[in-house]
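Student: First the structure, which I've put down as structure tokens, then a few questions once you've had a look.
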Amino acid sequence: MAGPAALIGAMATRTHAAEQSLNFGLTPVFLTNDLELLTKLKSYLERSTGYAVQLVQRRTYEEITSLLLSGQLHAAWICGYPFVQYRDRLSLVAVPVWNGKPLYRSYLIIPKDRDVTTVEQLKGDLHAFSDPNSNSGYLVTAALLARQKLRPEQFFRQTFFTYGHRNVVRAVAAGLAQSGSVDGYVWEVMSAIEPDLTSRTKILRESELLGFPPIACTSIERQKDSVVAVNRALVDMAYDPEGRDILRLLRLDGFSNQESRLFDTIAEEMTLVRSLGA
């Protein structure tokens with residue numbers, strides 16, 4: 001039977017191990033669950049931060065955001081919508097850079113052979129959204145309708161959530177939805193790697209440029225060594241051979257430090273949508 005000293009030693013070892021581990025969350029904004037990419041990301045973060053890294057994936061934004069807010073994750077790649085929803089409790093760790101900017105767009109897509117040219121012609125559609133907490137996959141379209149004093153359920157005949165931007169593209173391409181709201185970055189990258197799928201869809205409308213889905217942490221954790229290490233690893237990724245390989249797989253230029261005002265437009269859209277009770 002272990003004595004008090006052994007028990008205290010074991011507890012200290014576990015505490016030290018916990019302090020040296022880092023939980024990094026990935027939501028459906030993450031382009032793929034490709035094993036090669038995940039393996040490379042884990043390896044790079046461990047080498048760059050000096051922490052044992054656990055990549056935590058969940059199906060919905062809500063699940064990852066809840067884990068982040070409850071302190072079970074050190075940092076997470078979330079979306080601009082959850083970030084502005086909890087702006088008083090979250091801080092930015094880093095923001096991806098795509099096509100030279102920390103910005104992206106939301107796309108409204110339709111089947112390739114559908115003969116419509118305006119958003120108004122989508123009235124009565126069966127419409128695919130990505131996630132109720134997605135900016136590009138829900139909020140942008142909801143805000144577009146809110147400017148006309150309409151909620152999605154008042155404009156579309158029916159809507160459903162696919163819980164993945166890729167799944168929105170699949171639904172529209174297969175005719176399971178007449179239209180869909182999708183992350184423009186994801187659609188563009190899919191066009192490069194899965195052209196047979198995206199070629200069965202087309203873009204009806206592009207939104208204005210918006211803050212790219214960020215990596216965030218809780219505000220009280222921002223200056224912790226583990227989070228500072230994640231920030232440094234991400235911002236330095238473009239200068240590291242292994243890091244550049246990950247960026248190549250993600251089709252990103254790198255990661256950058258940004259101010260939270262980058263997401264002000266998303267916050268304005270959220271306020272507008274909430275004003276209608278949507």
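The values are calculated or read from the model by the stated rules, or taken from the named source; none is laboratory data. The model shown is predicted, which means the values in this text are computed figures rather than measured ones. Cβ atoms come from the backbone with ideal geometry, glycine included; neighbour counts cover every protein chain shown.
Student: Can you pull out the residues in region 157-207 that are within 15 Å of N135 (Cα to Cα) and surrounded by fewer than 15 Cβ atoms within 10 Å (Cβ to Cβ)?
Tutor: E206
Student: Let me ask another. Pick from R14, R58, R89, R47: which is touching a helix residue (DSSP H, G or I) at 6+ places or on another chain (Cβ under 8 Å), of a type outside the set (S, T, N, Q), at pLDDT below 95 and not assigned by TED's automatic domain parsing to the domain that holds T162?
Tutor: Only one candidate passes the filter, namely R58.
Student: Sticking with this structure for a sec: Only residues that are out of contact with any Leu (no Cβ under 8 Å at 6 or more places or on another chain) and surrounded by fewer than 16 Cβ atoms within 10 Å (Cβ to Cβ): list them for region 47-62, please.
Tutor: Answer for region 47-62, where residues must be out of contact with any Leu (no Cβ under 8 Å at 6 or more places or on another chain) and surrounded by fewer than 16 Cβ atoms within 10 Å (Cβ to Cβ): R47, G50, R59, E62.
Student: Right, something else. Looking at T39, is it among the β-branched types (V, I, T), part of a helix (DSSP H, G or I) and out of contact with any helix residue (DSSP H, G or I) (no Cβ under 9 Å at 6 or more places or on another chain)?
Tutor: yes
Student: Out of (1) closer than 20 Å to L22 by Cα; (2) surrounded by fewer than 20 Cβ atoms within 10 Å (Cβ to Cβ); (3) touching a Lys or Arg at 6+ places or on another chain (Cβ under 9 Å); (4) in contact (Cβ under 8 Å) with a residue 40 or more places away in the chain, what's the single condition that is false for V228?
Tutor: (4)
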